[in-house]
Every structure is written in C-alpha cells, then in structure tokens.
Amino acid sequence: MTLPVFELVQPRSLRDAIDALAAAPGMEPIAGGTSLLVDLRGGRAKQEVLLDLGWIDELRGITLDSHELIIGAMATIAEVLRSPAVAEHASILAQACASFASPLVRNRATIGGNLAYASPAADTAPPLLALDAVVELRSVRGRRQVPIAEFFRGVRKTARRPDELLASIHIPRAVPGTLSAYRKLGLRKADAISVVSAAARVVVDQAGRCELARIALGAVAPTPTRVGKAEAALGKRTLTSEVAEAAAKLAAEATSPIDDVRGTVAYRKRAAEALVRRVLMELVEKGGDA
Amino acid sequence: MSGANAKPTLTGEPRSGGRPGRPVRLVVNGRVHEVTLPAHRTLLEALRDLGYVDVKNGCEKGDCGACAVLLDGKVVNSCLVLAWQAEGKPITTNAGLGTVEHPHPIQEAFADAGAVQCGYCTPGMVLAAKALLDVNPNPSEAEIREAISGNLCRCTGYGQIIEAVQVAAGKLRELSGSGAKESRLLRGERAAESLRSPNGPGAVATPGASLTGERAAESLRSPDGSGAVATPRGALTQEGDVSCLPGSQEHLIRRGGEGR
C-alpha cells in the first residue's frame, strides 16, 4: 500500500529548518520516520507537508562536556546504543536502546523522534526521566530548555510548540555513588512495544543511604512518568529488599494503565510492581558490590 | 541479479498521485539511477520499480525485514525510508553482494546450510548478516540472533540461518586472515565497498578500461575521498568487469566533489 501524497521539505541547516517551521507552524517534522510513516500508511496520521530533519548535521552527534552529556535529537538509537559516553553516564538509556524495536529500526529511529512522538510506551523516556534529562527546543524565537518530566503532556502530546524543533537532549554527568537499572517487559524479546518498562536511578552516600531516588515507568499512563511516592519511599533509607518491596507497591498504585492488545489493566499493574521490585533489587545487589 | 538491468518503467507514473516529483539520484549496488519521484515514494517502491526485485515487500511496517537494504552501510527497512531521504547515499541490495557465478560467502553459506526455503526473507537475512559481520567478524550465537531479530522467517525456524551466518563468518575470517584481501582480486561487495566513500554519497565514472582487483580499487578512488565508484554490476568482480554501462536511464556520472 502506498503512502498518502505529501510534500517533503528538506532543509540543510537548523536555521533553514526553524525558518521553515516559523513560516508554516504545525508542519510535521520527520526524523527516522519509523513511527510516522507507519501511521501515515495506516491512516492514523494525516500530513500534507513533512519537514525532513535527516540532512541537518547540527542535530546529530553525541558529546560530553564538563557537566553534561548532549545527545543530538537526530542521533539514531543505534548511535546512542554504541556511544561510550552514554554507556558511562547514562547506562540505563543504552539498555533501553538495546531492546528498542529491531536492529533495522534502530538504524533509522532517532532519540528525538522517539521523544517528540510521545508514545506512552516510548522506550527512551523512562531512562531519561530517571536521569533528570532536559530537552532543548529551538525556534526562530531562540532556545528553550524543558525538563523531560514536563515535556510529555499526554498521549502524543508534548510541550513542543508548533514552531519549535526538538534539537538536543541533555543529561547530567553521572556522579559518584550512582546506581541504576532498567527493565522492559515486551510480549517477545525483539521488535516489541513495551507492556511496561521501568528505570531507576539512585545516588547513595558513603553509608549507603539514598540521597536521591528516581523511578520512572513507561506504558502505564498517558505519558511516561515518574512515580514520586515510590521515590519518596526510598528517601534517606538504605536500600533493602523490604524498601524495594514497599516502593514497588506504591509505584503500581500510582499507575493508570489501559487495556490494550498487549495487556490488561490488572496485568500491567502487577507487571509494573514486579518490574519496579526487580530494578530496585538490582540496585540493592549493585550497592552490595560497591 | 538481472534486476539491475530492468527498465524503470513504473517510475513516476500513476503512483505519483498526479504529482510529478523531482529528480532523485539513487546509487544502488554502485550504479547511479536518475529517476523522477514524488516525495511520498518509499525507497522500497523505488527500488522495485527500478528492477531490484530482490528487495521484498513484506509488511510495510518495519516488522519483517524482507525489504532490508544497506543504506550507507547500515541495514534498514526500505519500506520506512523515503526515496528522497536516500538520495546520493550508497544503497546495497542482496544482488549487489554477489552473483550466481560469484556468490558472496554469506550467500554461499545460506545455500549450503539449507537456510533458504521459500526464500522470501533471504535477501533481508543476508544483508542483516552482512551488517553484523562487517562490524563483528566472530559473533556468538546470541549476537547472531540479535542481529537477525528484525528479520522474520516463517519457514526455517532460524536454525539453519544461524548456522549459515556462523559458517559465513568463519569463511570471511579465513579470507581476511590469509591476507587474501591484499593478494587476490576483490570480489563482489568487498570491491564495491573498498571503492565507496566512507563519508558520503557520490559516484565516480569508471573508464572503459579494464582494471583489475585492488589496483582498480586504488586507481578509481576519488582523490578528495568523497566519491564512490559505480560499476556495471555494482561490484568489481573479475578482470575486465569495469566497462561501460548498458541502458539509457542509468548512467554513470562524475560527482565526486559535489554535496548531497
């Protein structure tokens, strides 16, 4: 089945791209196209003009500076997966990329596209929430940084304004005492959309107490989301299996999943609890090693 | 493999939705095609219209991998790439890896291992294997399974395919280990790849002269490093294979220094 007819604007620079968006706000950007083209073909999306971001070198690349890791929005999932800087400072993001769709899709799909498309099950979102990432939006009006926790506004809805482009993702460098873990539950090992996914990151002090806790879930609410009550359950405590158990229960209670082809509400809640327990137990074990 | 010689009769016709589109340069298996395509034409459709019917249309959703091609050396689903997005970038299909007479070691291994049943997934599987072995010459079984996890096969149960990739890996290691690369003619994809620019599109016209192997590769490399070489069958295979190209729609163009 052929795609519906559309025009494609192909700017060669970020400047040209945001100028084009300013002239025609609401034009849909196309990054890797691995979601958008499927939706266009299936009639779930309708666009007359697409803005191809694939020729803009400024949106590519992964760099590490003295305080943060900067990932260009057009970095492919495969590039994020292979990046040594990501492995060192955002290992849970690399883990999520490893189980992202298939190798073929990972060579096209981009991290910016995954976030901007704002699926509740977006694979890169829970790790980025747990990592306190910030996204940078660019427009002719300038640049604007939005914490990722404020970026997702609903199913397929984000804080990106119609004339803005998601340009980069910023992740603070990992600090000493950081422990993190990620798990994804799909219906099969490869090429699967998450039923539930969970990411956790804690920073522990010398005594092993949590100074900071982040727990984020995917596919259990209209947006990928942090679970604040579960995070609070870890506050200033030493991570133990009892603490993990309690936090997992709180996390599951905070979810508002839907029934769909991949799972029921009841299943998702139980799976969310199990996944949070498992990622936290992984941290307990890692903490014991440290 | 005869596909590359077919005429692009369907291109730019009814499926353009009444819009004429614009000229696009597609570099397939080292050959340059100039075709007029509308923006919504996928790379899969464009390739099949050009006669590269070894690229299969399976699910059109990026789930099955039957339409896999190497784009800039990376394996992708061509159903999820717009033809305009592939402009000027090297595209390799299964037929570009080798011929029936001179199969690529991966293709040979697939035949030998019984990894081909109905054959529909095979071109994509071979390319997924190629992409893996290019970066990991000695993969574990788990790594092979991971590498082909975006390619569905409903016949074999994957056992023979995994075996074929293991055999091919061994063969390729042997070939590179024995210094064959230096002393022998480059074959198939290897030759094509050695001529391809690492950083971008572009092709260099091949002279009518007969050039062989590594020597040909060296002499054809574009001086500024930005050009690739188009050859009749997408690959330099044997002595004298570099010759002029048949067909009027496809032609070789010098554009080593041009941008995208």
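The values are calculated or read from the model by the stated rules, or taken from the named source; none is laboratory data. Keep in mind the model is a prediction, meaning the values are calculated, not measured. Cβ coordinates were reconstructed from backbone atoms using ideal geometry, including for glycine residues, and neighbour counts include every protein chain displayed. These accessible areas exclude ligands, DNA and RNA; they are computed on the full protein's heavy atoms, side chains included. Shrake-Rupley method; radii C 1.70, N 1.55, O 1.52, S 1.80 Å.
Listed values, structure above:
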| item | result |
| --- | --- |
| Wholly enclosed helices (runs of 4 or more DSSP H) of segment A:90-163 bearing at least 3 residues under 30 Å from A:Pro176 (Cβ atoms) | A:91-98, A:111-117, A:125-130, A:148-151 |
| Qualifying positions in segment A:1-38 - more than 10 Å from chain B (Cβ to nearest Cβ) and either in a helix (DSSP H, G or I) or on the phi > 0 side of the Ramachandran plot (or both) | A:Leu14, A:Arg15, A:Asp16, A:Ala17, A:Ile18, A:Asp19, A:Ala20, A:Leu21, A:Ala22, A:Ala23, A:Gly26 |
| Residues that are in contact with a Lys or Arg (Cβ under 9 Å, 6 or more places away or on another chain) and either within 11 Å of another protein chain (Cβ to nearest Cβ) or of a type in the set (A, V, I, L, M) (or both), drawn from segment A:81-97 | A:Leu81, A:Ile92, A:Ala94, A:Ala96 |
| Residue within segment A:118-128 that is within 13 Å of chain B (Cβ to nearest Cβ), closer than 30 Å to B:Thr42 by Cβ and open to solvent by 10 Å² or more (accessible area, probe 1.4 Å) present | no |
| Hits in segment A:11-44 (condition: more than 26 Å from A:Arg143 (Cα to Cα) and basic (Lys, Arg)) | A:Arg41, A:Arg44 |
| Evaluation of B:Pro90 against (1) surrounded by fewer than 20 Cβ atoms within 10 Å (Cβ to Cβ); (2) farther than 22 Å from B:Gly58 by Cα (one fails), failing number | (1) |
| Total residues in segment B:95-111, condition in contact with an Asp or Glu (Cβ under 7 Å, 6 or more places away or on another chain) and either farther than 16 Å from B:Val165 by Cβ or within 14 Å of chain A (Cβ to nearest Cβ) (or both) | 2 |
| Residue match in segment A:46-66 (condition: modelled with pLDDT under 95, out of contact with any His (no Cβ under 8 Å at 6 or more places or on another chain) and of a type outside the set (Lys, Arg)) | yes |
| Segment A:189-213, subset surrounded by fewer than 24 Cβ atoms within 10 Å (Cβ to Cβ) and in contact with an Asp or Glu (Cβ under 7 Å, 6 or more places away or on another chain), residue nearest to the other protein chains (Cβ to nearest Cβ) | A:Asp191 |
| Any hit, segment B:84-98, residues being in the same structural domain as B:Val28 (by TED's automatic domain parsing) and charged (D, E, K, R) | yes |
| Whichever residue in segment B:17-52 is under 21 Å from A:Glu48 (Cβ atoms) and crowded, with 24+ Cβ neighbours inside 10 Å and, among such residues, is farthest from the other protein chains (Cβ to nearest Cβ) | B:Leu37 |
| Counted residues, segment A:80-109 - those being surrounded by fewer than 21 Cβ atoms within 10 Å (Cβ to Cβ) and of a type in the set (D, E, K, R) | 2 |
| Single residue of A:Gly42, A:Gly112, A:Gly54, A:Gly72 found to be within 11 Å of another protein chain (Cβ to nearest Cβ) and either acidic (Asp, Glu) or open to solvent by less than 30 Å² (accessible area, probe 1.4 Å) (or both) | A:Gly54 |
| Filter result for B:Leu50 (modelled with pLDDT of 95 or more and in contact with a His (Cβ under 6 Å, 6 or more places away or on another chain)) | yes |
| Some residue of segment B:37-48 being under 16 Å from the mean Cα position of the chain (by Cα) and either more than 17 Å from A:Thr2 (Cα to Cα) or in a loop (DSSP other than H, G, I, E, B) (or both) | no |
| Filtered residue count, segment A:156-181, keeping only those that are among the β-branched types (Val, Ile, Thr) and free of Cβ contacts under 8 Å to residues at least 40 places away in the same chain | 2 |
| Helices (runs of 4 or more DSSP H) contained in segment B:60-153 and holding at least 1 residues touching a Gly at 6+ places or on another chain (Cβ under 9 Å) | B:105-113, B:122-135 |
| Residue that is nearest to the other protein chains (Cβ to nearest Cβ), among those in segment B:53-68 that are open to solvent by 10 Å² or more (accessible area, probe 1.4 Å) and in contact with a Pro (Cβ under 7 Å, 6 or more places away or on another chain) | B:Lys56 |
